[in-house]
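**Student:** Have a look at this one.
The values are calculated or read from the model by the stated rules, or taken from the named source; none is laboratory data. Quantities reported herein were computed from a predicted structural model and do not represent experimental measurements. Cβ placement follows ideal geometry from the backbone for every residue including glycine, while neighbour counts extend to all protein chains displayed.
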Amino acid sequence: MPLLEVVNLEKRFGGIYAANNVNFEVNEHEILGLIGPNGAGKSTIMHLIIGLYKPTSGIIKFESKEIQHLSIHERIKRGIAVMFQHSRPLSRQTVLENIKLAILEDKFQLFFKKDVEEQAMQAAKKLGLETMAHKYPSELPFGEVRKMELAKALALNPKLLLLDEPFAGLSHLEVEEFSQLIKELKEEDFSIVLVDHNVKAVKNIVDRIVAIHAGKIIACGTPDEVIWQGKSIKHLKTADIVNLGIAFVPETRELFKYMSVEENLTLALQKLKKDEIKHRLEEVYSIFPRLSERKKQPASTLSGGEQQMLTIARALVQKPKMIVLDEPTLGLAPVVLEDISKALEYMYRQMNLTILLGEQNLYFALKHSDRVYLLEHGNLICDCTMDEFLERIGEKYLA
Ligand SMILES: Nc1ncnc2c1ncn2[C@@H]1O[C@H](COP(=O)(O)OP(=O)(O)OP(=O)(O)O)[C@@H](O)[C@H]1O
Ligand SMILES: [Mg+2]
């Protein structure tokens with residue numbers, strides 16, 4: 001039985017769907033990563049679960065009981081607590097007082113509840129904050145303020161902890177320390193939803209991942225799975241992956257040298273009817289007229305640029321849903337680049353294809369991308385829209 005169930009959850013702000021038909025579960029003793037770019041709807045979902053926002057529609061169940069109509073305090077009593085994305089500590093209260101106030105529903109009760117002090121101190125100790133308990137938040141480094149925010153949630157003794165971007169703004173070392181803390185909390189039987197932008201930051205901590213984009217769940221699974229249209233393709237054979245509609249254009253081209261252009265193109269189409277083969281060939285020849293003029297020529301005698309065109313055309317005749325291109329510009333002269341550029345435009349606009357372009361040539365990549373994943377030494381250092389990329393990083397890279 002899942003601890004938390006979110007069913008057809010929807011939240012609209014005017015015309016924007018911040019959560020659009022969202023469905024997921026959190027099991028007991030599990031860390032679920034909720035991943036998505038800026039504005040995906042992650043914090044909105046956290047706010048809906050704790051009751052800061054009322055859903056436009058949908059159901060939230062905690063321990064099998066519907067809670068979407070309950071107040072925040074009632075949800076906290078049932079066992080849900082949030083560490084919010086943005087710290088807003090009370091600056092005139094000490095760390096301990098901040099934690100105590102989080103425990104109390106009614107702040108005026110502070111002076112009457114004796115066990116609150118003990119409970120707050122325990123939470124502080126758990127996070128190694130005991131020596132700072134009587135300091136003011138402004139005297140603490142940022143990382144410790146974030147720990148105080150976590151202590152505020154922990155002090156409520158929850159079963160389910162919602163952590164909204166706990167790593168944001170922390171140094172590398174602090175992220176490691178915080179990750180360790182989160183793992184220890186899981187060992188103590190807390191269930192956790194961990195929100196972050198980046199799969200990489202959480203993949204060693206979480207049991208499962210739910211990825212959202214523009215309010216919608218786009219994938220879910222274990223962190224090292226490759227998800228295609230909701231299903232894992234990690235264990236599939238290459239041929240089965242191709243049959244799902246993913247075509248690959250390798251950097252090394254891998255053409256059959258002694259076969260003609262047309263033989264290379266039709267090799268994977270044997271099962272189709274003649275008319276369909278003809279139709280598909282006509283389409284790729286219209287994208288690459290140079291190949292049409294060289295139909296009978298062996299692939300080995302084509303120029304480098306023509307070989308690249310044939311490699312792309314061979315992927316396209318399979319009518320894929322997505323095409324993965326590995327460095328299509330490698331070693332090509334500007335004139336050929338222009339042809340490849342036009343072909344990409346055609347695939348995108350006329351064929352409605354999803355294109356995954358692995359490219360070193362930034363100028364070429366910039367012309368053809370909606371979104372950018374920037375990799376450096378195997379690390380994902382940026383995941384953003386093209387506009388955000390140009391604003392934040394592009395200048396540096398272009399320079
Ligand atoms: N109170 C609100 N009123 C109007 N629009 C809102 C409100 N809260 C969120 N939104 C909009 O809903 C969308 C999702 O916002 P949300 O804060 O949930 O994103 P997020 O995934 O947490 O992003 P980030 O990673 O930047 O924190 C955004 O387009 C945001 O502008
Ligand atoms: Mg957020």
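**Student:** Is it the case that some residue within the stretch 362-375 is within 24 Å of S292 (Cα to Cα) and among the small types (G, A, S)?
**Tutor:** No: zero hits.
**Student:** Another question, then. Are there any pairs with C-beta distances below 6 angstrom linking a residue in the stretch 28-57 that is of a type outside the set (A, V, I, L, M) to a residue that is assigned to a helix (DSSP H, G or I) and within 12 Å of ligand 2 (Cβ to nearest atom), with the two at least 6 apart or on different chains, and if so which?
**Tutor:** G36/K42; Y53/H47
**Student:** Restricting attention to the stretch 40-54, which residues are under 12 Å from V193 (Cα atoms) and near ligand 1 (Cβ under 9 Å from one of its atoms)?
**Tutor:** K42, S43, I45, M46
**Student:** Still on this model: Considering each residue of the stretch 40-86, count those that are more than 13 Å from ligand 2 (Cβ to nearest atom), in a loop (DSSP other than H, G, I, E, B) and at negative phi, and give that number.
**Tutor:** Residues meeting the conditions: 8.
**Student:** Out of the residues in the stretch 364-394 meeting the condition of being touching a residue at least 12 places away in the same chain (Cβ under 8 Å) and among the aromatic types (F, W, Y), tell me which one is farthest from L337 (Cα to Cα).
**Tutor:** Here the answer is F389.
**Student:** Also, I was wondering about something else. Condition (residue is at pLDDT 95 or above, in the same structural domain as S138 (by TED's automatic domain parsing), surrounded by 15 or more Cβ atoms within 10 Å (Cβ to Cβ) and more than 30 Å from Q180 (Cβ to Cβ)) applied to the stretch 68-77: is it met by at least one residue?
**Tutor:** Yes: one or more hits.
**Student:** If you don't mind, there's one more thing I want to ask. Regarding the stretch 33-52, can at least one residue be identified that is more than 30 Å from S138 (Cα to Cα), hydroxyl-bearing (S, T, Y) and in the same structural domain as A151 (by TED's automatic domain parsing)?
**Tutor:** no
**Student:** Being more than 16 Å from ligand 2 (Cβ to nearest atom) and part of a strand (DSSP E or B) is the filter here, so list the residues in the stretch 162-205 that pass it.
**Tutor:** The answer is S191, I192.
**Student:** Among the residues of the stretch 30-39 satisfying the criterion of being at pLDDT 95 or above and of a type outside the set (A, V, I, L, M, F, W, C), which is farthest from ligand 2 (Cβ to nearest atom)?
**Tutor:** Ranking the qualifying residues of the stretch 30-39, first place goes to E30.
**Student:** Something else: Would you confirm whether or not the stretch 315-322 contains a residue that is in contact with a strand residue (DSSP E or B) (Cβ under 8 Å, 6 or more places away or on another chain), farther than 23 Å from L269 by Cα and in a loop (DSSP other than H, G, I, E, B)?
**Tutor:** no
**Student:** Of all residues in the stretch 330-356 being β-branched (V, I, T) and over 14 Å from K367 (Cα atoms), which is surrounded by the most Cβ atoms within 10 Å (Cβ to Cβ)?
**Tutor:** Looking at residues that are β-branched (V, I, T) and over 14 Å from K367 (Cα atoms), I get V336.
**Student:** Next question. From E225, E276, E282, E262, grab the single residue that is closer than 19 Å to Q318 by Cα, surrounded by 14 or more Cβ atoms within 10 Å (Cβ to Cβ), free of Cβ contacts under 8 Å to residues at least 40 places away in the same chain and among the acidic types (D, E).
**Tutor:** Only one candidate qualifies: E262.
**Student:** The conditions are (1) within 9 Å of ligand 1 (Cβ to nearest atom); (2) out of contact with any helix residue (DSSP H, G or I) (no Cβ under 7 Å at 6 or more places or on another chain), and Q68 fails exactly one of them. Which is it?
**Tutor:** (1)
**Student:** Additional query: How many residues are within 16 Å of ligand 1 (Cβ to nearest atom), over 22 Å from N27 (Cβ atoms) and among the small types (G, A, S) when one looks only at the stretch 157-202?
**Tutor:** Selection size over the stretch 157-202: 2.
**Student:** Please go through the stretch 136-152 and give me each residue that is more than 18 Å from S171 (Cα to Cα) and outside any helix (DSSP H, G or I), ordered by number.
**Tutor:** Hit for the stretch 136-152 is Y136, nothing else.
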